[in-house]
Amino acid sequence: MAQIRELKKRMVAVRTIQRITKTMQMIATAKFTAALVRAKATRPYTDRIRGLVGEVAAAAGADFSHPLMQAPATVAKRELILVITSDRGLCGAYNGNVLRKTMVTIKALKSANTEVVLETAGKKAVAFFRFARIDVAEKHIFTDKPQFAQVEALAKRLMADFSSGKFDAVHVACACEAFDG
């Protein structure tokens, strides 16, 4: 008799856990969808800025020179990949896609004898590369809604590293576009 009672209690516990997990998945989906909508809302702005920079560069003529508008003078055979994943939650498909494409890019760069420097933003990327035994040069910590000042500081440093010739390219692996060099 005690076994039947224990089995019934276990069945009730399993159903409760299933309901909690389903609720967590719905919350994570809603948060991810909201973040994706915010990211996609910046797309027209980003496209317009890219177009404006192209127009300004074309109108500037041959006498204009800026490190971000030309290839480095010397080839360092070194590229940086900034991998952006989630910190927590049920975003497995997002994280998996970003990390899978990152690994494909790393393999392609290494087969071309290019040194790869990895930087991460998000605990899931840190855990993945620790498990894969791949060294991460720097780990950035942002919240779910990063502040502009945090992102600006990182962007300025990456642009300075590229401009100085430390890297031939800087790639960003995230949700919107897997890689943008």
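For segment 133-163, the set of residues classified as small (G, A, S) and touching a helix residue (DSSP H, G or I) at 6+ places or on another chain (Cβ under 8 Å) consists of S163 only.
Among the residues that make up segment 159-176, is at least one of them in a strand (DSSP E or B) and among the hydroxyl-bearing types (S, T, Y)? There is no residue in segment 159-176 that is in a strand (DSSP E or B) and among the hydroxyl-bearing types (S, T, Y).
For segment 1-52, a residue qualifies if it is more than 27 Å from T143 (Cα to Cα) and polar (S, T, N, Q), and the qualifying residues are Q3, T16, Q18. Assessment of segment 91-111 against the conditions (assigned to a loop (DSSP other than H, G, I, E, B) and not hydrophobic (A, V, I, L, M, F, W, C)) yields no matching residue.
Touching a Leu at 6+ places or on another chain (Cβ under 6 Å) and modelled with pLDDT of 85 or more: does that describe E115? No.
The values are calculated or read from the model by the stated rules, or taken from the named source; none is laboratory data. Owing to the predicted nature of the structure, the values given are computational and were not obtained by experimental measurement. Neighbour counts are summed over all protein chains in view; Cβ atoms, including those assigned to glycine, are modelled from backbone coordinates with ideal geometry.
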